[in-house]
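Before I ask anything, here is the structure I am working with.
No lab work stands behind these numbers, since they all come straight from the coordinates. Predicted, not measured: the structure shown is a model, and the values here were computed from it. Ideal geometry is used to build each Cβ from the backbone, glycine not excepted, and the neighbour counts take in all protein chains shown.
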């Protein structure tokens, strides 16, 4: 499943990463709308990318954000690139959590999920605005961004644990002497 | 001497036994004679009174043992029966879900048929919703009909409850539909009763607003809002919704009208594409 990385570790196969991202994108457009709460659906791709960023660092997180974002943009009717850019920005924010002193804290996934959700939605609205799409800032923030952040917070741990399972099965193996 | 003593004891024993038998026989005879007259009742009461608790206890114990024995004996068959019943419950549950889904589908198809019958001029194509936009901030759906089914960009998409949106992208096997609720959606509309015209825009989260309605125009809550057909992008007289609130003041040049659509935009499962209409864009 893995291959040898630049530092001698085993990294996740590109095929597995692509399969995970495609599955997530399909789930995001088909199953997640059925799990909508307060009029919004969970941002599964965002949570997967944030979880991966926390577990593997900002660099791998950004790669996943790029792949996942492009898939979402392909499936979305919105301006192309809006999801990718918002997702990359969110993964960057989440990736900082991997570096900070609270790494390993039980609260870190929740805090990162909430922060990344807020960043994702605000960035998405900004990008829509910049690209000339009509944006309802009040409704967008209060009726979409806020409940979406709350819902993502609820979905953070199940997603994080699922991604952590994948991470443990594919994490780099390094030899220490 | 010793033999004589033993014979004597034996005789005594036989004598006592004979006496006991005689007494019992006498009691039997007396019972046969006296019982019909009820003279044995005191003795019977005494006997039953003394034996009843014992009978009750032993009866209860016997019952318990018997039921345990039966339970143990039937354990194998009970497990099999339980398994059969569980299978039956599972089967019925699946059947129930299937029937409920069939009922929902039948209701949806009946509504679509009703819409088709009441709009004979439209050439309608039924389509299933196969996906929603991944973003919460955008309102699109993906339907399972594409260019090979004759779908073209701009064609209106409706449900039995009213206008849902317009086709914005067409692929071979699927199409993307912009829902009325998306902030980038705008539709020329009119109030059915007063014929006042305006533009219905999406507000996100299922809300619609109608703008550019002049202050002089009479608009009441519950008035029906229809497509006006102006601009040629949509056919006339498609139901959009009904007025839920009207706000007018001297500061603004136009009335601000809230429109409530009966369409559940977040729960769309099947839609109809109006194919006989060519939008002018």
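Let's test the formula: R0 of 25 Å, r as the Cβ-Cβ distance of residue B:256 and residue B:230. What FRET efficiency results, to the nearest 0.05?
About 0.80, to the nearest 0.05.
Gain in length, residue B:28 to residue B:99, computed as 0.36 nm per residue apart minus the alpha-carbon separation, to one decimal in nm?
So the chain would gain 18.0 nm between residue B:28 and residue B:99.
Rg/Rh for region B:54-156 to two decimals, with Rh computed the Kirkwood way over all alpha-carbon pairs.
1.47
Still on this structure: Pick from A:130, A:114, A:163: which is most flexible by mean-square fluctuation in a GNM of chain A where alpha carbon atoms under 10 Å apart are linked?
In this elastic network of chain A, the residue with the biggest mean-square fluctuation among A:130, A:114, A:163 is A:130.
Can you give me the pair-distance distribution of region A:14-169, C-alpha pairs, 5 Å bins, whole percents?
Over region A:14-169, the share of Cα pairs per 5 Å bin runs 1, 11, 19, 25, 23, 13, 6, 2, 0 percent.
Using only Cα atoms, tell me the angle between helix A:108-130 and the longest principal axis of chain A; keep it within 0 to 90° and round to the nearest 10.
Roughly 50 degrees, rounded to the nearest 10.
Limiting things to C-alpha atoms, what are the Rg and the maximum Cα-Cα separation (Dmax) for chain B, in angstroms?
45.7, 148
I'd like to know how the protein assembly as shown sits against the 2.2 N^0.38 Å rule of thumb: what's its Cα Rg over that expected value?
Relative to the 2.2 N^0.38 Å estimate, the protein assembly as shown comes out at 1.81.
For a quick check: sort A:18, A:26 by the number of other beta carbons within 10 angstrom, fewest at the front.
Least crowded to most crowded, the residues run A:18, A:26.
Then there is this: In degrees from 0 to 90, rounded to the nearest 10, what is the angle of the helix A:14-30 Cα long axis to the longest principal axis of chain A?
30 degrees
Same structure again: Across every pair of different alpha-carbon atoms, what Kirkwood hydrodynamic radius in Å does region B:164-281 reach?
Evaluated over region B:164-281, this radius sits at 14.8 Å.
Still on this structure: What distance in nm lies between label points placed 7 Å from Cα along the C-beta direction at residue B:82 and residue B:11?
So the label points at residue B:82 and residue B:11 sit 7.3 nm apart.
How high is the relative contact order of region A:14-169, in percent, counting Cα pairs under 8 Å that sit 6 or more residues apart?
27 percent
Helix-only estimate, please: 222 nm mean residue ellipticity of chain A, summing -39500 (n - 2.57) across DSSP H runs of length 4 or more and dividing by its residues, to the nearest 500.
-22000 deg cm²/dmol
While we're looking at this one, here's another question. Note down, for region B:97-180, the three equivalent ellipsoid semi-axes (square root of 5 times each alpha carbon gyration tensor eigenvalue), biggest first, whole angstrom.
Computed over region B:97-180, the values are 21, 17, 13 Å.
At R0 = 35 Å, how high is the FRET efficiency between residue B:109 and residue B:245 if r is their beta carbon distance? Nearest 0.05 is fine.
0.55
Given the -39500 (n - 2.57) contribution per DSSP H run of 4+ residues, what per-residue ellipticity at 222 nm results for chain B, rounded to the nearest 500 deg cm²/dmol?
-15000 deg cm²/dmol, from helical runs alone.
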